[in-house]
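Data block below; observations after.
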2 protein chains.
Amino acid sequence: MTLPARAQEPGTTTTIHTEGAGAVRRTVLPGGLRVITETMPTVRSAAFGIWSGVGSRDEAVPDAGASHYLEHVLFKGTRTRSALEISAAVDAVGGDLNAFTAKEYTCYYARVLDSDLPLAVDIVSDMVAESVNRPEDVEAERGVILEEIHMRDDDPGDLIHDEFAIALYGDTPLGRPILGTVDSINALSRERIHGYYREHYVPSNLVVSVAGNIDHDEVVRLVSRAFAGHLTGDAAPAAPRLNGAPAPVDPRTRVIDKDTEQAHIVLGAAGVSRTDERRFALGVLNAALGGGMSSRLFQEVREKRGLAYSVYSYTAQYADSGIFGVYAGCQPGKVEEVLSICRDEVGKVVGESLTEEELERGKGQLRGAMVLGLEDTGSRMSRIGKSELVYESLLPVEEVLARIEAVTLDDVRAIARDVLDAPQALTVIGPVGDRDFSA
Amino acid sequence: MTLPARAQEPGTTTTIHTEGAGAVRRTVLPGGLRVITETMPTVRSAAFGIWSGVGSRDEAVPDAGASHYLEHVLFKGTRTRSALEISAAVDAVGGDLNAFTAKEYTCYYARVLDSDLPLAVDIVSDMVAESVNRPEDVEAERGVILEEIHMRDDDPGDLIHDEFAIALYGDTPLGRPILGTVDSINALSRERIHGYYREHYVPSNLVVSVAGNIDHDEVVRLVSRAFAGHLTGDAAPAAPRLNGAPAPVDPRTRVIDKDTEQAHIVLGAAGVSRTDERRFALGVLNAALGGGMSSRLFQEVREKRGLAYSVYSYTAQYADSGIFGVYAGCQPGKVEEVLSICRDEVGKVVGESLTEEELERGKGQLRGAMVLGLEDTGSRMSRIGKSELVYESLLPVEEVLARIEAVTLDDVRAIARDVLDAPQALTVIGPVGDRDFSA
């Protein structure tokens with residue numbers, strides 16, 4: 001069950017592992033383009049994705065928002081297809097064509113019936129490989145992105161997560177919002193967007209990932225044809241994004257006075273990186289503290305006291321850092337009470353860890369959610385594609401389940417101290433004036 | 001492929017139809033409790049749902065929000081289980097336990113690994129059949145629901161749909177919001193909530209629906225045991241919710257001046273009911289007008305002019321009415337321009353219908369989305385459960401696909417005139433003062 005070294009020769013295919021009915025295979029094409037597939041013979045659909053190893057944390061300050069802006073522009077047309085031709089082709093077969101930009105990668109994908117896979121490969125590959133980024137299209141899309149920023153600003157439950165990243169990481173690549181700012185979007189030129197495209201959308205920085213009722217060799221043939229003309233040279237695939245030193249954190253309190261009905265709160269600290277062995281213990285801790293309806297935060301804040309509709313904890317992982325956060329939305333007058341309960345509960349798991357029962361329940365929750373979450377082609381495609389970009393190796397599902405199972409109370413106690421007993425950042429959005437929410 | 005009459009004897013089982021690998025079967029238990037299942041032998045999970053045929057449109061004015069309030073209270077405990085025991089049992093196996101309330105029904109469901117189905121049946125049935133609705137739990141949950149209302153109020157993209165229902169249907173059962181109002185929630189007593197429960201949560205008004213890797217006879221055994229003590233008498237299942245006369249509409253314009261970044265717009269009219277034969281033509285029209293990225297509204301408002309990030313049309317169906325709506329979020333200063341484009345595009349499909357290409361693309365879009373959407377157990381469970389409550393019969397997927405295929409340009413032209421050439425309601429939320437948005 002261990003995994004092949006990354007140093008795979010272009011033009012060769014490796015079977016990474018088989019699990020369940022399917023197999024995961026990887027082929028490296030000339031130019032360093034990787035194609036990774038997972039067969040799911042019992043479904044009738046396929047999810048086809050192309051991942052670029054670039055995201056908002058790769059942006060210099062004047063480029064803030066460029067990765068996401070470019071993601072939009074790639075839908076606007078290629079050498080041979082207009083924006084309408086791109087979307088019409090996928091709409092005509094009832095497929096789902098979309099994309100998303102994260103801090104460390106960007107993904108374009110289509111989910112289609114298995115018989116429509118050749119179409120999906122054609123369209124998505126053309127968008128990624130042959131985008132023309134016309135000046136007039138970059139201009140029209142600027143307005144769309146400004147509206148996306150305004151929409152985010154109108155939803156405080158969304159806005160608060162962007163504000164919390166600033167509270168935790170400050171004005172750094174991990175702290176700045178994926179969308180950029182109104183100013184940075186207004187300042188980005190077509191030349192800069194196009195240059196960003198030419199720099200980052202090269203075969204060695206791209207991963208094609210496919211899951212569903214598909215055949216690996218056929219996918220490789222289709223992708224080779226769709227990328228024809230680009231698959232030259234002996235470039236090796238880009239190394240996975242792994243950094244030694246943790247990203248700097250500088251936890252602050254940010255209180256944003258805003259005329260909303262609820263106050264929205266995120267309290268949190270730096271978590272663990274994606275490859276940190278302690279991530280499984282943190283996952284169990286997260287499940288028990290705020291991951292479900294039986295969690296301590298849900299019970300204390302919502303079930304017993306009726307103070308919030310939405311209250312939960314969550315984790316996020318990056319190459320060299322991570323977030324552990326607690327969210328709650330409550331009456332503006334109750335922020336102090338809710339914060340005090342959240343801080344108490346965090347303090348208790350640091351001091352006393354979990355009960356045996358919570359440990360087992362947390363493990364069961366992670367296990368079940370993982371297995372249930374991998375029934376659809378989209379999540380399988382994401383798992384293998386993301387892993388290729390940001391992990392040294394793809395852990396088989398059985399291996400992930402075994403690592404979850406191996407978590408002990410001592411592991412949870414240790415990670416609770418490391419993560420929750422550290423300096424905390426706090427963000428509050430609501431009609432709260434300049435109230436002081438320090439502990 | 002036609003369907004069995006509703007008049008099925010309690011204690012008997014009918015095979016409704018088989019399609020693909022699975023079969024749909026229905027058993028009527030004593031007391032009129034229906035159990036409907038669909039086998040999906042290639043998955044490893046199961047979705048278990050219990051539907052009550054009651055929703056917000058069944059509420060008298062003083063009960064506004066009672067269906068949804070009760071949905072919350074059912075999670076708070078039974079004769080033998082506390083709220084924590086309910087949620088802990090499902091969290092422990094990584095299942096997903098949730099519920100939702102609509103205008104015409106309420107659904108409680110759990111999605112679990114197939115081996116955990118007995119647990120899911122036990123828990124969800126206990127919640128629905130044995131709820132105690134303790135006064136202190138009703139009190140605690142009042143605060144939660146008020147926070148849910150405030151959260152909705154903080155998200156104008158969500159609020160606008162509730163406001164639009166009022167603009168279209170006025171102060172009527174279909175017009176009033178599912179959540180109720182702050183006043184109605186504050187006024188609802190434990191007695192009223194409990195009475196509502198005893199009135200509507202009787203076996204003859206409940207449907208159990210299950211999809212996944214399951215065995216019908218085993219499900220019937222499990223459900224019979226879980227509902228033991230309730231399955232007596234010879235009550236027949238409640239008739240499906242079908243009304244002859246269309247719900248009254250009274251389209252108005254509602255402009256809500258609010259300090260948001262974007263203006264949020266819904267423009268629309270009465271659509272068609274759930275059983276209206278014209279629903280397939282309206283679906284194709286909706287796909288072409290605003291259902292995807294290749295649709296006219298997306299192309300005109302976003303792709304060509306960059307005026308909005310989010311712009312789409314949608315339909316909703318009820319027993320005796322429906323909605324056809326167009327949503328857009330844009331700069332407050334651009335509302336008139338966006339509205340004018342939307343009205344133009346609506347006018348064009350009324351005057352000229354669609355092109356042949358749009359017709360075919362719209363059909364493909366509905367077909368593909370339907371087939372792709374039925375790969376997961378949750379959507380299959382929903383389809384058969386909802387159908388049992390609100391349709392006279394369950395249309396096999398093949399039959400739905402055939403009806404979509406049969407739609408002609410004349411059908412689309414006719415439905416466009418019937419629906420889009422009717423009086424329109426309009427809702428705008430944003431910093432727009434008292435501007436006049438009439439056409």
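No value in this document is a laboratory result; all are computed from the given coordinates. This is a predicted model, so every value here is computed, not measured. Quick reminder, even Gly has a Cβ in these numbers, built from the backbone with ideal geometry, and neighbours come from all protein chains shown.
Structure summary
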| quantity | calculated |
| --- | --- |
| Length gained when the stretch B:S340-B:E136 is fully extended (0.36 nm per residue, less Cα-Cα span) | 68.2 nm |
| Unsatisfied cross-links (Cα-Cα over 32 Å) in the set A:K334/B:K258; B:K103/B:K258; A:K76/B:K258 | A:K76/B:K258 |
| Contact order relative to length of segment A:38-101, as percent, for alpha carbon pairs under 8 angstrom and 6 or more apart | 25 percent |
| Selection of trypsin sites (Lys or Arg not before Pro), segment B:47-139, meeting DSSP coil and at most 12 other Cβ within 10 Å | B:R79 |
| Sequence-separation-based contact order of segment A:147-292, relative, with Cα cut under 8 Å and 6+ spacing, percent | 34 percent |
| Closest Cβ on chain A to the rotation axis that carries it onto B (distance rounded to whole Å) | A:T42, 2 |
| Per-residue ³J(HN,Hα) for segment A:410-416, Karplus 6.51 cos²θ - 1.76 cosθ + 1.60, θ = phi - 60°, Hz, x for Gly and Pro | 5, 4, 5, 4, 5, 6, 4 |
| Proximal aspartates and glutamates to A:K386, defined as alpha-carbon separation beneath 15 angstrom and excluding residues fewer than eight positions away on the same chain | A:E38, A:E104 |
| Relative contact order for chain B, counting Cα pairs under 8 Å that sit 6 or more residues apart, in percent | 22 percent |
| Choice from B:A99, B:A228, B:A425 showing the highest fluctuation, given a GNM over chain B with Cα pairs closer than 10 Å | B:A228 |
| Dipole moment magnitude, nearest 20 debye, segment B:227-269 about Cα centre, only Lys, Arg, Asp, Glu C-beta charged | 120 debye |
| Net charge, A:D320 excluded, C-beta distance under 9 Å - Lys, Arg +1, Asp, Glu -1 | +2 |
| Other-chain or far-sequence residues with amide H under 5 Å of B:R254's (modelled H) | B:L426, B:T427, B:V428 |
| 7 Å along Cα→Cβ, label-point gaps from A:D250 to other copies, nm, shortest first | 6.0 |
| Along each principal axis, Cα extent of segment A:236-365, largest first, Å | 56, 40, 26 |
| Karplus-derived HN-Hα couplings along segment B:422-437 (A = 6.51, B = -1.76, C = 1.60, θ = phi - 60°), whole Hz, x at Gly and Pro | 9, x, 10, 9, 9, 10, 10, 10, x, x, 10, x, 10, 4, 9, 9 |
| Packing-based exposure ordering (other Cβ within 10 Å, fewest first) of A:S382, A:S438, B:S52 | A:S438, A:S382, B:S52 |
| Cα-centred dipole magnitude for chain A, charges only on beta-carbon of K, R (+1) and D, E (-1), debye, nearest 20 | 560 debye |
| For segment B:163-174, 3J(HN,Hα) per residue [Karplus equation, 6.51 cos²θ - 1.76 cosθ + 1.60, θ = phi - 60°, Hz, x = Gly/Pro] | 5, 5, 4, 5, 4, 8, 9, x, 7, 10, x, 6 |
| Residue-averaged 222 nm ellipticity for chain A, from DSSP H runs of 4+ at -39500 (n - 2.57), nearest 500 | -12000 deg cm²/dmol |
